[in-house]
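I have placed the structure first, in the form of structure tokens, so that the comments after it can refer back to it.
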Amino acid sequence: MHEDKLEKLLRDTLQQEVSKERHYLDGLEKEIVAELTGQLPKRGWLQTLTRLFAQMQRSRRRQLAVIGITAVIFLFLGIFVSERVPLVHGLFSVYDKQQKATIATNSDEGQLLFVMPAPGAQTVAVVGSFNNWKPILLTDEDKDGIWLTNLPLPPGRYEYAFVVDGRWWGQDPLADEYVRSFGGYNSVRYVGYTGDKI
Amino acid sequence: MKELVFLAFVACLLTIVPTQITLAETTSIDVKEELQSLGLRSTTEIMSAIETGFLQGRLAPDEMVSLLSNLAAYNGEREDKETILITIARALKDDSLPVTMLIGKVEEGLARKVSLQAIKQMVSERASLLAEVRDLLYTNLIFTSSEYGQENCLVLPLPRFDFLVTQIADTLANYQESGRSPLEGYLVYQEMHTRLSMLERNAIIPAEDVELVLERIKPENLTRILSNVLSQQQQ
């Protein structure tokens, strides 16, 4: 009985002491965590990615799935940007069409590409010395305002102009030179021999 | 299987042969009919020149039918149309000149819907230039006929000679139409040099023809030609 009293007295005294010093413990846990985090080295995005991929190496299927999803995201992002930004869209369209034309010119001897940017035009045609100045219609299948046609022509020097909704346009940026004719301009392109000379 | 291949072959023949026949149909008879439909007084003279052009290989029936039908459909005085055709006919028969450039300019003028007066003037100027350039080549011993048996002379086949004459005359005409002074001989020569070099670079004209012309023709020759044509126009 005496021991019990003594134990109770000790416990009460300890509790009183703890209660008295309790304010020291408030926030101590947070302080320790913050201190430990600050001491740890910061991980960059590259390390994070490396760690992520290292974890994924365990599963090849998961790896491929992530690559596929990333590719699809970037594809949609590219389409979104090119559709929303007119300059980028226009530049890529002209570049793409010229690239295709270059390939056509290289593979098919004497193919001459005519490109005319005319957004909103109803009809665009090319007239020239290659067919007695009769209009040949250009097309704009993807409706991006860039009209084109590819004509097979024998080697020679050709004068031509574009006719956009009935108005003559004789200064093609792709021309080799320009000449004055009937008070207007004609563009000139040369189609060369790639085989035997004349 | 053999039957199928045979049927495919026959089908191809049936498709290709009529197309070729249709393409080869245009003859001098069609040209004559088109010319008569214009109702001109000089039909005989013009037709005779056109036939000469066919014989020399300087004209093709298709290109003449196209020119005559476009002229017939064009709104303008009959006299102006006749003058244009007579200018071409005389250049072809009397002066023995290549007329492809003249026909091309008439077609261009009609397509641009310019007046027949403007076309008439341009054809006349260019015909004079063709004659002057041809004479210049002759005086510099560049010929198209073997009857000139002189030393140092070059005899070119007719298509090559015609092409050379046409290109030089066209360069001079373009220079004149750009409104620059005919007295700037060096500039005119530079234009001719650029044109012939571009043709040579694209292998459209033989290098020896270009070298010969650039070596024998001088800037003062070109100035004289332009001045002659200018004074003819003023008269």
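Some points to look at:
- Solvent-accessible area lost in complex, 20 Å² minimum, residues of the range B:109-126 relative to chain alone, 1.4 Å: B:ALA111, B:ARG112, B:VAL114, B:MET122
- Spin-label model, A:THR70 to A:LEU36: label points 7 Å out along the Cα-to-beta-carbon direction sit 3.2 nm apart.
- Between the beta carbons of B:ARG201 and B:THR139, assuming R0 = 25 Å, the FRET efficiency works out to 0.35 to the nearest 0.05.
- Computed E for A:LEU77/A:ASP142 - FRET, C-beta separation, R0 25 angstrom, nearest 0.05: 0.75
- Relative to the longest principal axis of the Cα atoms of chain B, helix B:2-23 runs at roughly 40 degrees.
- The largest accessible area among B:LEU172, A:LEU153, A:LEU77, A:LEU148 belongs to the first residue in A:LEU77, A:LEU148, A:LEU153, B:LEU172, and the rest follow in falling order (1.4 Å probe, all chains).
- Expected 222 nm ellipticity per residue - DSSP helices of 4 or more, -39500 (n - 2.57), all of chain B, to 500: -24500 deg cm²/dmol
- Using the Cβ-Cβ distance between B:GLN56 and A:ASN131 with R0 set to 35 Å, the FRET efficiency works out to roughly 0.90.
- Of the residues B:SER37, B:SER178, B:SER115, the one that moves most in a GNM of chain B with alpha-carbon contacts below 10 Å is B:SER178.
- In this structure A:VAL72 has an accessible area near 70 Å², from a 1.4 Å probe over the protein heavy atoms.
- Distance in nm between pseudo-label sites at A:GLU29 and B:ASP30 (7 Å out along the Cβ direction from Cα): 10.1
- In this structure, the amide hydrogen of A:LEU138, modeled 1.01 Å from its nitrogen in the peptide plane, lies closer than 5 angstrom to those of A:VAL124, A:ALA125, A:VAL126, counting only residues at least 5 positions away or on a different chain.
- Contact surface A-B: accessible area buried, both sides summed, square angstrom, 1.4 angstrom probe: 2100
- Each part reduced to its alpha carbon centroid, the range A:110-156 and the range B:103-138 end up 26 Å apart.
- For the range B:125-235, the fraction of 1.4 Å probe accessible surface lying on carbon and sulfur atoms is 49 percent.
- Ignoring aspartates and glutamates fewer than eight residues from B:LYS93 along the same chain, the ones with Cα atoms less than 18 angstrom from its Cα are B:GLU45, B:GLU51, B:GLU63, B:GLU82, B:GLU125, B:GLU132, B:ASP135, B:ASP162.
- Accessible area in square angstrom per residue, chain B, 1.4 angstrom probe: 51
- Taking all protein chains as they are arranged and a probe of 1.4 Å, the heavy atoms of B:LYS120 leave approximately 50 Å² accessible to solvent.
- Cα-based convex hull volume of the range A:109-191 per residue, rounded to whole Å³: 90
- Structure note, pairs B:LYS120/B:LYS218; B:LYS81/B:LYS105; A:LYS143/B:LYS113; A:LYS134/B:LYS120; A:LYS134/B:LYS81; B:LYS105/B:LYS218: Cα-Cα distances above 22 angstrom occur for B:LYS120/B:LYS218; A:LYS143/B:LYS113; B:LYS105/B:LYS218.
- Positive-end residue, the range B:19-164 charge dipole about Cα centroid, Cβ charges, pick of B:TYR74, B:THR52, B:PRO159: B:TYR74
- Nearest 10 degrees, 0 to 90: helix B:43-56 Cα axis against chain B principal axis: 90
The values are calculated or read from the model by the stated rules, or taken from the named source; none is laboratory data. Everything quoted here is computed from the prediction, not taken from an experiment. Don't worry about glycine lacking a Cβ; one is built from the backbone with ideal geometry, like all the others, and counts go over all protein chains shown. To get the accessible areas, we keep the full protein, side chains included, count just its heavy atoms, and leave off ligands, DNA and RNA. Shrake-Rupley method; radii C 1.70, N 1.55, O 1.52, S 1.80 Å.
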